[in-house]
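Structure first, then comments.
No lab work stands behind these numbers, since they all come straight from the coordinates. Keep in mind the model is a prediction, meaning the values are calculated, not measured. FYI the Cβ positions are ideal-geometry reconstructions off the backbone, even for glycines, and counts take in every protein chain you see.
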Amino acid sequence: MGIVLLIVIVVIVVILVIYAIAIYNGLVRRRNEVEESYRQIDVQLKRRYDLIPNLLEGVKKYFRQEQDVLTQITQARSQAMRPQSPGQQAQSEARLSGAIGNLFAVAENYPELRSNTVLIDFQEELSSTENKISFARQHYNDSVQSYNTKIQSFPAVIFSRAMGFTEKEYFEAQGPERESVTVSYD
Amino acid sequence: MDQRDQGTFRERIARNRRNSLLLIAAFLAFVTIFGYIIGFAWLGDPTRALFGLALALVVGVVSGLVSYFAGDKMVLAASRAREITHDDAPVLFNVVEEMSIASGLPMPKVYIVDDSAPNAFATGRDPEHATVAVTSGLLEKLDRDELQGVMAHEMSHVANFDIRYSMLVGILVGTTVLISDFFLRGLWLGGGRGGGRRSGNGGGQLQIIMILIAIVLAILAPLFARLLQLSISRQREFLADATAVRLTRNPKGLADALQKISDDREVLEAANRATAHLYIVNPIKRFEKRSKGLFSTHPPIEERIMILRAMESGGVAETSGQTSTETP
């Protein structure tokens, strides 16, 4: 009788341990996803910082009367490249996007620039990089949401804090450029 | 993107994995039985029929393995697709990269099919070995947002493991057709050799019954295999549309793209019956007219566009319990 009870207890303990390990591994996987998607934002931001000097070099001669447009971009770029919190980062990125948008708006006034292939190619690369940044953020927020929900829900909530799983900060959207659309499947 | 959504997303992948295993098991069982019956019909006795069984099993397993590991290359070669880099088609490459970032999946290989009819497909066995392909006509006729919608749809097939499942289904259909054809042609060219010798005894009668069963199976099996292929790919198109909108947050792009592709009257020469189910819009146009029927690989395009338009206006759309949208 005692042996049966012992076996039952051992089996229950083993099942609980396996269950806890599975939950723990799930949390680790989600946390890694969050960190990986944050790195992806950095990769794309850096890509844009690298593109900007080339763009400025290519169009410099057309912008002699519009120096402040170029200066704004240079300033916004160095501001955005400083280390800062995700919230601040989003603000300085928005400023940089605004400055670049301004350059393309001004370029509309120069007929020789509108047909300039360097500018057209750069416009595609830059706007694609902007898209990549916002998609990387979107994916980051998706993974943060999944991770935060997981560590706040039962049963992970029992030990998640003790094990060092803490909530991650969302990337706040700037401006109304992307309306959110929620889709569900059932 | 709530928890429920993430859950169903993972569940869908798990379901695809489970269905894939079931499909392989059912397929092997069917090939074994079919091979035995054909063997019996042809060679005329239960022992020698095992030869037919073995042959069918070998054909099934070998074609399965070859297709699993090289199926994507075979599909791409059959479509005469060529791989491109960023500089060959910067907009296309950028759009694919954007969608791979939005979905958190590795960057797939990008191919172009030189065909003026606009269409696109994805193939491969998992997200690490995935390929997306578009026709040159699609690149010419779609604007950037529309192209993004189409690539989001294709990346959704990659993310959901639909590409693997479609490939397995393609193998199943292909091999079943191959074995059936093999038997029917053999019969036509003077099969039942063993039967000639044995006519008159009990074995001969049994053999005639087996021949009849084999003929019925050889005619029906490819039809059933095709029906399976069709019903499966129809559901998946709705799901991939919904996942695509989750990635782009822009239902209009995909809706406009589907409209343009379906309005286009050019015939996609690169597609055939074996690859038709892979494309975003059914490339075999004459099927599209009666696409509500059993024999369509795709749901009616009007219905897909209607659902996307409803998401656009933030309304609620429901169709056959598959897809719904909700405003946040």
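Arrange B:Asp264, B:Asp126 by Cβ neighbour counts within 10 Å, fewest through most, would you?
B:Asp126, B:Asp264
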Report summary line: What helix-only [θ] at 222 nm does chain A give? Using -39500 (n - 2.57) per DSSP H run of at least 4, over all residues, to the nearest 500, the answer is -26000 deg cm²/dmol
Requested in this report: For B:Arg309 paired with B:Asp263, estimate the spin-label separation in nm (one decimal), with each label point 7 Å from Cα along the Cα-to-Cβ line.
Outcome: 1.2
Query - Evaluated over chain A, the Cα radius of gyration and Dmax, each in Å - result: 24.6, 95
**Report entry** segment A:27-105 - Rg over Rh from alpha carbon coordinates, Kirkwood radius
**Finding:** 1.10
Query raised in the report: For A:139-146, what's the mean count of beta carbons from other chains sitting within 10 Å of each residue's beta carbon?
Result: 4
Query - Pairwise FRET efficiency - A:Asp42 versus A:Tyr62, Cβ, R0 = 22 Å, nearest 0.05 - result: 0.10
Report summary line: For the pair A:Tyr170 and B:Leu50, the simple spin-label estimate (label points 7 Å beyond Cα toward Cβ) gives in nm 6.7
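Among B:Val177, B:Val150, what is the fewest-to-most ranking by other Cβ atoms within 10 Å?
In increasing order of surrounding Cβ atoms, one gets B:Val177, B:Val150.
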Query raised in the report: Which entries of B:Lys141/B:Lys260; A:Lys46/A:Lys168; B:Lys109/B:Lys141 show an alpha-carbon separation above 18 angstrom in the structure shown?
Result: A:Lys46/A:Lys168; B:Lys109/B:Lys141
Report task. Could you tell me the distance between the Cα centroids of segment A:1-16 and segment A:112-165, to the nearest Å? Result -> 47
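If you take each beta carbon of peptide B:99-112 and count the beta carbons of other chains within 10 angstrom, what is the mean?
Counting Cβ atoms of other protein chains within 10 Å of each residue's Cβ and averaging gives 3.
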Query raised in the report: What's the average, rounded to a whole number, of partner chain beta-carbon atoms within 10 Å of each residue's beta-carbon in A:73-83?
Result: 0
Requested in this report: Give, as a single signed number, the net charge of other residues whose beta carbon lies under 14 Å from the beta carbon of A:Asp42, with Lys and Arg counted +1 and Asp and Glu -1.
Outcome: +3
Query raised in the report: Counting other C-beta atoms within 10 Å, which of B:Met210, B:Met306, B:Met311, A:Met1 has the fewest, and how do the rest follow?
Result: A:Met1, B:Met306, B:Met210, B:Met311
